[in-house]
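Below is one structure, written out as structure tokens, with a few remarks after it.
The values are calculated or read from the model by the stated rules, or taken from the named source; none is laboratory data. What you see is a predicted model, and the numbers here were worked out from it, not measured in a lab. All Cβ positions, even for glycine, are placed from backbone atoms using ideal geometry, and neighbour counts span all protein chains on display.
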Amino acid sequence: VVTVYLGLGSNIGDRKDTLCKAIVMISGKIGSITNISSLYESEAWGYESKNKFLNAVIAVETSLFPDEILSEIKGMEIMLGREEKGKDGYEDRPIDIDILFYDKFVFETDILTVPHPHLEKRKFVLAPLAEIAPDFMHPILHKNIKELNEACKDEIQFFEG
Ligand code: ADP
Ligand code: MG
């Protein structure tokens, strides 16, 4: 059994409800949820959108392999109303679930890169992660989440409600 950290985001529809549904699905399909961050609200990252994201990070104890987790995640994204990705990169979505870390493992295949690339630039990942795993060491950067979060100066807000 290993701990996998998943990043969740939603910026259209009933965002909070969708995140809750995703968490229920994850606990049924991927493993026991051992920690859930607060909710954060952030501007769309990497593209322009009037719809802000609601983000959270969870820790899950799983016996699945990374590729199995990815296919479960993709199934959940579709069930929660996500449509086929356009070719223009980032876009609005009711749900995005990303594998941030799979324990301390580092690997890269055609379909999966872990740790998730560029997470050290994304406050919407680092701020919630710093709540639940401040001492977790990034296996490539060799800095812990607390340090990475303090170094990342993007804007982020707690979500109340
Ligand atoms: P993004 O999250 O970058 O906006 P998508 O959610 O549509 O885009 O993901 C596109 C593809 O990224 C997925 O189909 C998956 O194969 C790939 N991918 C690579 N690494 C990861 C990861 N660590 N977690 C989730 N998806 C990943
Ligand atoms: Mg994704």
Exercise. For residue 46, indicate whether it is in a loop (DSSP other than H, G, I, E, B), modelled with pLDDT under 95, within 19 Å of residue 157 (Cβ to Cβ) and within 16 Å of ligand 2 (Cβ to nearest atom).
Key: yes
Practice problem: Could you run through segment 82-111 and say how many residues are away from ligand 2 (no atom under 11 Å from the Cβ) and touching a strand residue (DSSP E or B) at 6+ places or on another chain (Cβ under 8 Å)? | Solution: 9
Quiz item: In this structure, is residue 56 outside any helix (DSSP H, G or I), aliphatic (A, V, I, L, M) and in contact with a strand residue (DSSP E or B) (Cβ under 8 Å, 6 or more places away or on another chain)?
Solution: yes
Exercise. Considering (1) surrounded by fewer than 16 Cβ atoms within 10 Å (Cβ to Cβ); (2) in contact (Cβ under 8 Å) with a residue 12 or more places away in the chain; (3) farther than 23 Å from residue 51 by Cα, say which one residue 101 fails and leave the rest.
Key: (1)
Quiz item: Counting only residues that are more than 7 Å from ligand 1 (Cβ to nearest atom) and not in a strand (DSSP E or B), how many does segment 90-106 have?
Solution: 9
Quiz item: Can you find even one residue in segment 127-145 that is near ligand 1 (Cβ under 10 Å from one of its atoms) and in a strand (DSSP E or B)?
Solution: no
Quiz item: Considering only residues of segment 112-127 that are surrounded by fewer than 19 Cβ atoms within 10 Å (Cβ to Cβ) and not basic (Lys, Arg), which is nearest to ligand 2 (Cβ to nearest atom)?
Solution: 116
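Here is a yes/no grid of residues against (1) within 14 Å of ligand 1 (Cβ to nearest atom); (2) surrounded by fewer than 18 Cβ atoms within 10 Å (Cβ to Cβ); (3) of a type in the set (D, E, K, R):
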{"residue": "29", "(1), (2), (3)": "no, yes, yes"}
{"residue": "34", "(1), (2), (3)": "no, yes, no"}
{"residue": "54", "(1), (2), (3)": "no, no, no"}
{"residue": "68", "(1), (2), (3)": "yes, yes, yes"}
{"residue": "81", "(1), (2), (3)": "yes, yes, no"}
{"residue": "85", "(1), (2), (3)": "yes, yes, yes"}
{"residue": "108", "(1), (2), (3)": "yes, yes, yes"}
